[in-house]
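Structure record follows, encoded as structure tokens.
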Amino acid sequence: MIPRYSRPDMVAVWAPQSRFRIWFEIEAHAGDAMAELGTIPRENADAVWTAKDAEFDIARIDEIEAETKHDVIAFLTHLSEIVGAENARFVHQGMTSSDVLDTCFNVQLTRAADILIADMEALLAALKRRAYEHKDTVRIGRSHGIHAEPTTMGLTFARFYAEMDRNLSRLRDARAEIATGALSGAVGTFANIDPAVEEHVCDRMGLVPEPISTQVIPRDRHAAFFATLGVVASSIENIAVEIRHGQRTEVRELEEFFSKGQKGSSAMPHKRNPVLSENLTGLARLVRMAVIPAMENVALWHERDISHSSVERNIGPDATVTLDFALARLTGLIDNLVVYPDRMLENLHRYRGLVMSQRVLLALTQAGASREDAYAMVQRNAMKVWTDDSDFQTELEADPEVTAILSRDQIAEKFDLAYHTAQVDTIFARVFGEG
């Protein structure tokens with residue numbers, strides 16, 4: 001997590017002051033619940049809340065931790081210094097460190113998820129706008145990087161919209177799965193803390209109680225969360241790769257917006273490089289880097305160990321901050337992406353009708369030729385286009401075996417581009433639920 005690839009709202013979720021504020025709220029809400037149960041005096045619970053507007057001294061907490069070698073104890077000691085030792089006498093009663101750490105981590109992840117969901121909604125709006133803008137902008141579809149059949153740029157944007165819409169659902173599901181808290185005490189038995197305390201704290205922190213925890217919240221939840229982030233990152237890369245290909249000089253159907261004063265190369269002044277989409281490919285790799293460690297965190301020893309702790313201190317902020325930045329960058333890229341319709345048509349026609357081969361094949365079979373014979377007729381004429389740079393329709397019209405089955409007018413009719421875009425409205429209705 002470096003400032004270059006960070007945005008302030010997501011960084012704030014993981015700031016030390018935010019973390020200690022969440023820890024404080026967990027402890028203070030727990031005190032309220034215990035006071036209601038009569039476990040601790042009400043005046044002690046109320047006294048803790050006098051620190052609600054305090055700025056926690058991070059340097060002081062670090063100083064205490066250097067001696068105690070325990071972060072939660074360091075915080076609790078500092079809290080006692082703020083509210084007074086007597087007032088803090090019942091703070092953390094019956095609780096264990098993981099009650100604070102795990103519940104806090106899940107609060108942070110849910111807040112991060114809320115930002116990512118908003119990011120995704122903004123990206124979807126951009127993709128939808130560009131899809132309708134280029135619904136009828138014809139371009140060549142490619143398979144294996146080779147010209148296949150005509151499609152439209154609008155369908156490409158719609159395809160990315162549908163993929164990201166699925167990712168939005170995944171993010172919402174991941175948020176719901178991670179939004180649990182646990183205040184069940186040592187080894188999770190509630191021996192020293194009433195389950196009602198957990199219910200109260202979770203309600204106040206926007207979580208639901210973990211149905212059964214040990215001394216930690218089960219890490220399969222976190223594995224699913226980070227796996228979802230990895231899928232979203234892969235979808236970002238999917239779009240970025242399409243743009244990178246489209247900006248290649250010999251293709252030049254798409255181009256990242258090149259601003260006034262921008263420079264593409266320190267050596268070659270003519271360069272206009274797809275730097276944003278290349279950057280997104282790299283950022284996607286960083287987000288996916290968190291997935292395997294999150295999976296490996298699931299298997300912990302018995303009721304608790306801390307092998308997961310160092311991993312999560314890194315991947316929590318790094319993955320969410322990076323993905324937040326990547327989604328925002330992609331949204332800006334889509335909003336400002338330059339599309340070249342004329343170049344798309346030029347590329348589509350580069351091989352002079354070759355991309356209509358399937359339609360001719362189908363016409364021959366419908367007119368009575370066997371599929372094997374029809375395929376051979378079409379392929380031998382198609383190969384001449386590849387090797388001799390000839391015109392596919394002309395070659396077909398000069399083939400007596402083809403013209404014995406199809407008239408010239410019937411052949412010519414098979415080169416109508418509108419045939420390939422006739423179902424665009426149907427697909428858009430499926431994707432956007434409109435029309």
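Taking the helices alone, the chain has a mean residue ellipticity at 222 nm of -20000 deg cm²/dmol, built from -39,500 (n - 2.57) per DSSP H run of at least 4 residues and averaged over all its residues. By a straight-distance test (C-alpha under 13 Å), which aspartates and glutamates pair with residue 135 as possible cross-link partners, with residues fewer than eight away in the same chain excluded? Those aspartates and glutamates meeting the cut-off are 425. Between amide H atoms placed 1.01 Å from N, distances below 5 Å from residue 180 occur with 208, all of them 5 or more places distant or on a separate chain. When the Cα gyration tensor is reduced to axis lengths a ≥ b ≥ c, the ratio a/c is 1.5 or higher for the stretch 294-372, and with a/b not above b/c it is classed as oblate. Only protein atoms count toward the accessible area here, which uses a 1.4 Å probe; on the stretch 1-77, the carbon and sulfur part of that area reaches 54 percent.
From the alpha carbon centroid of the stretch 1-25 to that of the stretch 83-105 is 21 Å. The phi torsions of the stretch 9-22, fed into the Karplus equation with coefficients 6.51, -1.76 and 1.60 and a -60° offset, translate into couplings of 5, 6, 4, 4, 4, 9, 5, x, 4, 5, 4, 5, 5, 5 Hz, rounded to whole numbers, with Gly and Pro shown as x. Using only the C-alpha atoms, the convex hull of the stretch 327-435 corresponds to 167 Å³ per residue.
Measuring nothing but protein heavy atoms, the accessible surface of the stretch 180-303 at 1.4 Å probe radius is 57 percent carbon and sulfur. With all protein chains kept in place, the per residue accessible area of the chain amounts to 48 square angstrom at a probe of 1.4 angstrom. Other residues whose C-beta falls under 12 angstrom from the C-beta of residue 342 contribute a net charge of +1, scoring Lys and Arg +1 and Asp and Glu -1. Between residue 152 and 139, the built amide H atoms are under 5 Å apart, and every one of these is 5 or more places off in sequence or on another chain.
The values are calculated or read from the model by the stated rules, or taken from the named source; none is laboratory data. Not measured: the values here are computed from a predicted model. As a convention, Cβ positions derive from the backbone with ideal geometry for all residues, glycine included, and neighbour counts pool all protein chains shown. When the accessible area is computed, the model is the full protein with side chains, heavy atoms only, and any ligands, DNA or RNA have been set aside. Shrake-Rupley method; radii C 1.70, N 1.55, O 1.52, S 1.80 Å.
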